[in-house]
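Q: I have a structure I would like to understand better, so I am pasting it below and will then ask my questions one at a time.
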Amino acid sequence: MKQSVKLIAGNWKMHGLSADLAQAAALREALEGQDARCRVALCPPATLLDRMNAVLTGGGVELGGQDCHEKPAGAFTGSVSAEMLADAGATLVILGHSERRAAFNESDADVAAKVEAAVAAGLEPIVCVGETLVQREAGEAVAVVSAQVEKSLPDSLAERPFAVAYEPVWAIGTGLTPTLEQIAEVHAAIRTALVRRLGQAATWTPILYGGSVKPENAAEILATAEVGGALVGGASLKAEDFLKIISAA
Ligand code: PGA
């Protein structure tokens with residue numbers, strides 16, 4: 001299974017009301033008729049999935065969720081299952097984002113269970129890993145990220161389509177980014193950990209970079225060795241900015 005096409009995914013986080021569906025429509029329209037040089041996805045809040053699916057269906061933009069519960073259904077007030085995301089039209093799901101690892105205490109084992117659920121529902125997981133500033137300053141970035149890859153990816157991912165996103169916690173929403181050398185170093189370490197964990201098929205798993213990706217820095221980041229795409233937060237909310245990042249791929 002060879003996956004060398006870059007994936008540019010927009011993570012809207014807890015942003016987006018009905019009026020913002022116009023941004024998804026503008027994105028679809030702008031990409032229509034263009035040669036798809038990369039895959040493009042939008043991951044809106046769960047409340048918008050169904051309506052965004054109606055906007056995007058038949059166009060070139062894929063739809064993703066931002067999290068899922070590890071169980072398909074049950075008495076889990078407030079949670080959304082992978083099956084529900086798929087039912088609403090999602091084909092991808094972001095899992096293990098650092099905001100969920102930090103604010104909702106998600107462990108690597110929790111993330112692995114969610115990845116299992118996503119795979120069972122036929123979704124393509126985008127599994128996030130990344131070090132904190134304290135860990136980077138202690139020289140632990142590669143070790144931390146490699147361990148997260150090792151423990152957050154269940155066996156069921158072998159031979160399945162999925163992506164990993166390297167998102168240094170200190171680069172998310174801060175305007176700070178690692179140097180290109182630092183990105184290349186961690187992405188190479190992730191590749192090694194991926195192949196060790198899941199075998200040769202993981203040679204083609206896209207490794208996205210995320211954290212303050214903007215129109216101004218997208219081209220150089222996306223041209224860095226082993227960068228297989230981008231996970232974009234703030235700059236994915238407006239179609240105009242997101243399109244500039246997509247055209248840099
Ligand atoms: P940012 O967020 O692009 O706003 O830094 C990225 C992310 O958290 O996925």
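The values are calculated or read from the model by the stated rules, or taken from the named source; none is laboratory data. This is a predicted model, so every value here is computed, not measured. Virtual Cβ from ideal backbone geometry, glycine too; neighbours counted across all protein chains shown. Quick note on the areas: whole protein, heavy atoms, side chains included, nothing else; ligands and nucleic acids left out. Shrake-Rupley method; radii C 1.70, N 1.55, O 1.52, S 1.80 Å.
Q: Which helices (runs of 4 or more DSSP H) sit wholly inside region 161-249 and have at least 2 residues that are touching a residue at least 24 places away in the same chain (Cβ under 8 Å), among the aliphatic types (A, V, I, L, M) and open to solvent by 20 Å² or more (accessible area, probe 1.4 Å)? Please lay out each step first, then the result.
A: Details: elements: 180-198, 218-222, 239-247.
Where helices (runs of 4 or more DSSP H) fall fully within region 161-249 and carry at least 2 residues being touching a residue at least 24 places away in the same chain (Cβ under 8 Å), among the aliphatic types (A, V, I, L, M) and open to solvent by 20 Å² or more (accessible area, probe 1.4 Å), they are 180-198.
Q: Could you tell me which of the residues A163, A189 is at pLDDT 95 or above, more than 16 Å from the ligand (Cβ to nearest atom) and either in contact with a strand residue (DSSP E or B) (Cβ under 7 Å, 6 or more places away or on another chain) or of a type outside the set (F, W, Y) (or both)?
A: Values: A163 fails: more than 16 Å from the ligand (Cβ to nearest atom).
Answer to the check: A189.
Q: Another question, then. In the list A54, A46, A24, which residue meets the criterion of being of a type in the set (A, V, I, L, M) and within 12 Å of A239 (Cα to Cα)?
A: Numbers: A54 fails: within 12 Å of A239 (Cα to Cα); A46 fails: within 12 Å of A239 (Cα to Cα).
Being of a type in the set (A, V, I, L, M) and within 12 Å of A239 (Cα to Cα) holds for just one of A54, A46, A24, which is A24.
To keep it simple, each residue is scored yes or no on (1) within 10 Å of the ligand (Cβ to nearest atom); (2) touching a Ser or Thr at 6+ places or on another chain (Cβ under 8 Å); (3) closer than 16 Å to Y166 by Cβ.
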residue	(1), (2), (3)
S212	yes, yes, yes
L231	yes, no, yes
E240	no, no, no
L243	no, no, no
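Q: How about region 1-120: which strands (runs of 3 or more DSSP E) wholly inside it have at least 2 residues that are in contact with a Gly (Cβ under 6 Å, 6 or more places away or on another chain)?
A: Details: elements: 7-11, 39-43, 61-65, 92-95.
Ranges flagged: 7-11, 39-43, 92-95.
Q: Here's something else I'd like to know. Residues L92, L7, L17: which one is surrounded by fewer than 21 Cβ atoms within 10 Å (Cβ to Cβ) and either farther than 20 Å from E167 by Cβ or not basic (K, R) (or both)?
A: Values: L92 fails: surrounded by fewer than 21 Cβ atoms within 10 Å (Cβ to Cβ); L7 fails: surrounded by fewer than 21 Cβ atoms within 10 Å (Cβ to Cβ).
Only one candidate passes the filter, namely L17.
Q: Take the residues in region 36-88 that are hydroxyl-bearing (S, T, Y) and in contact with a strand residue (DSSP E or B) (Cβ under 6 Å, 6 or more places away or on another chain), then tell me which one is surrounded by the most Cβ atoms within 10 Å (Cβ to Cβ). Outline the logic, then answer.
A: Filtering region 36-88 for residues hydroxyl-bearing (S, T, Y) gives 47, 57, 77, 79, 81.
Then drop every residue that is not in contact with a strand residue (DSSP E or B) (Cβ under 6 Å, 6 or more places away or on another chain), which leaves 79, 81.
On the way: S79: 15, S81: 21.
Filtering first and then ranking leaves S81.
Q: Give the residues of region 127-147 that are farther than 18 Å from G210 by Cβ and in contact (Cβ under 8 Å) with a residue 12 or more places away in the chain, sorted by residue number. Break it down into steps so the answer makes sense when it comes.
A: Let us first name the residues in region 127-147 that are farther than 18 Å from G210 by Cβ, namely 134, 137-140, 143, 147.
If the condition is that a residue be farther than 18 Å from G210 by Cβ and in contact (Cβ under 8 Å) with a residue 12 or more places away in the chain, then A147 is the only one that fits.
Q: Within region 87-107, take every residue that is more than 16 Å from the chain's Cα centre (by Cα) and touching a residue at least 12 places away in the same chain (Cβ under 8 Å) and give me the one that is nearest to the ligand (Cβ to nearest atom).
A: Restricting to residues being more than 16 Å from the chain's Cα centre (by Cα) and touching a residue at least 12 places away in the same chain (Cβ under 8 Å), the top hit is A102.
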